[in-house]
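S.K.: One structure is given below, represented as structure tokens, and several questions about it will come after.
The values are calculated or read from the model by the stated rules, or taken from the named source; none is laboratory data. Bear in mind the structure is a predicted one, so any value in this text is a computation, not a measurement. Reconstructed Cβ throughout: ideal geometry from the backbone, glycine too, with neighbour counts over all protein chains shown. The protein model used for the area step is the full one, side chains on, heavy atoms only, and it has no ligands, DNA or RNA in it. Shrake-Rupley method; radii C 1.70, N 1.55, O 1.52, S 1.80 Å.
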Amino acid sequence: IQGEYKPIETVTLTAGGRFDSEKTSSITDKNSEFSPKIGVSFRPLEQTSFRLSAGRGFRAPTIGERFASLRFNGLTVESNPTLNPERGWSFEVGGTHTITLANEPWKFDVALFQNEFTNMIEPQLQPQTARIRFVNVTRARIQGAEVNIGGWLPGKLAGLEAALTAMMPLNVDSNTVLKYRSKFLVQTRLMVPVGAFQVQADYRFQSRVETIDELLAVLRIPDVDARVPIHVLDLRLI
């Protein structure tokens, strides 16, 4: 449920909530959560707006995370029926501004965010059995900033969208970087109209994963710590 209220023309208040309940038949515990959220947006000018939001989230473990039991390329994944749901809070402050270049609008968006997680779910090697299982990390925090830009060149010759995200994923309990996470993500899209069609090129960059599970070394996997940045290019005709 969600509602909006405008005390004045330039200010919009948003408040709402979501109720989740999940139960797996083989587990006696039932998990329920009410997640409230609030938001404020302020538009001092037609082309400029600011926003502030906070909300709580809830994610039940997937069937695969709880019950996956398989063996692949020498790795064994075991089930964990006692896996608990993730709970967390998210906070964001940001602003959007639109400018006109050669009669074409260009939109700029900047945001700062912080996500706080309890019982965050991650795969982890169990040293006693040398098997991988999904477990709950007690506390985790992801802080970061995001910048977006989008618009068209004069005459709609080509359009461009680009986004840069920089973040610090932290395991609060151990004060270490969360495993299998990157600190930088770049996504761009180039759009070129060609008659009745449009050609699109999407490029995504993801920086080298900061850390992995150090216990994987006990499995004697060749190059287990070999990590590189990710570059993905997609071409599309619409």
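S.K.: On the protein heavy atoms, probe 1.4 angstrom, tell me the percent of accessible surface of segment 77-212 carried by carbon and sulfur. Intermediate values should be presented prior to the final figure.
M.R.: Working: 4360 of 7240 Å².
Carbon and sulfur: 60 percent of the exposed surface of segment 77-212.
S.K.: Right, here's the next one. Between segment 62-129 and segment 172-190, how many Å separate their Cα centres?
M.R.: If we compute the Cα centre of each part, the gap is 10 Å.
S.K.: Cut-off 10 angstrom, C-alpha nodes, Gaussian network model of the chain. Which of 110, 209, 199 fluctuates the most?
M.R.: In this elastic network of the chain, the residue with the biggest mean-square fluctuation among 110, 209, 199 is 199.
S.K.: Assuming R0 = 35 Å, can you tell me the calculated FRET efficiency for the pair residue 90 and residue 197, based on Cβ-Cβ distance, to the nearest 0.05?
M.R.: Result of the calculation: an efficiency of 0.35.
S.K.: I would also like to ask the following. So, counting K/R as plus one and D/E as minus one, what does the shell of residues with Cβ under 9 Å around residue 119 add up to?
M.R.: +1
S.K.: Right, here's the next one. Normalised by the number of residues in segment 124-200, what is the relative contact order in percent for Cα pairs under 8 Å and 6+ residues apart?
M.R.: Worked out over segment 124-200, it gives 25 percent.
S.K.: OK, next. Could you work out [θ]222 nm for the chain from helices alone, using -39500 (n - 2.57) per DSSP H run of at least four and dividing by all its residues? Round to the nearest 500 deg cm²/dmol.
M.R.: Helix contribution divided over all residues of the chain: -500 deg cm²/dmol.
S.K.: If I take every Cα pair under 8 Å that is 6 or more residues apart in segment 83-238, average their sequence separation and divide by the length, what percent do I get for the relative contact order?
M.R.: For segment 83-238, the relative contact order is 16 percent.
S.K.: Which of the trypsin sites (Lys or Arg not before Pro) across segment 154-238 are loop residues per DSSP, with 15 or fewer other Cβ within 10 Å?
M.R.: Answer by residue number: 208, 220, 227.
S.K.: Here's a follow-up. May I ask you to list the residues of segment 221-238 whose amide nitrogen lies under 17 Å from a point 7 Å from Cα along the Cα→beta-carbon direction of residue 158?
M.R.: Inside the label zone: 233-238.
S.K.: Any idea how far apart residue 34 and residue 54 come out in nm if each label point goes 7 Å out from Cα toward Cβ?
M.R.: 1.8 nm
S.K.: Related question: Work out the charge dipole of the chain with +1 on the Cβ of Lys and Arg and -1 on the Cβ of Asp and Glu about the Cα centre, then indicate which of 90, 26, 127 is farthest towards its positive end.
M.R.: Most positive-ward Cα: 26.
S.K.: What distance in nm separates the two pseudo spin-label positions at residue 112 and residue 24, each 7 Å out from Cα along the beta-carbon direction?
M.R.: 3.9 nm
S.K.: Could you do me a favour and compute the accessible area per residue for the chain, 1.4 Å probe, result in Å²?
M.R.: 62 Å²
S.K.: Rounded, prolate or oblate: which fits the chain, taking a ≥ b ≥ c as square roots of the Cα gyration tensor eigenvalues, rounded meaning a/c under 1.5, else prolate when a/b beats b/c?
M.R.: oblate
S.K.: Given charges of +1 on the Cβ of Lys and Arg and -1 on the Cβ of Asp and Glu, with all other atoms neutral, how large is the dipole of segment 57-102 about its Cα centre, in debye to the nearest 20?
M.R.: Using Cβ point charges on Lys, Arg, Asp and Glu, segment 57-102 gives about 100 debye.
S.K.: Under a plain spin-label model, where a point goes 7 Å from the Cα along Cα-to-Cβ, how far apart in nm are residue 42 and residue 98?
M.R.: Placing both labels 7 Å along Cα→Cβ, they lie 2.1 nm apart.
S.K.: On alpha carbon coordinates alone, what is the Rg over Rh value for segment 75-210, Rh being the Kirkwood radius?
M.R.: Taking Rh as the inverse mean 1/r over Cα pairs, Rg/Rh reads 1.14.
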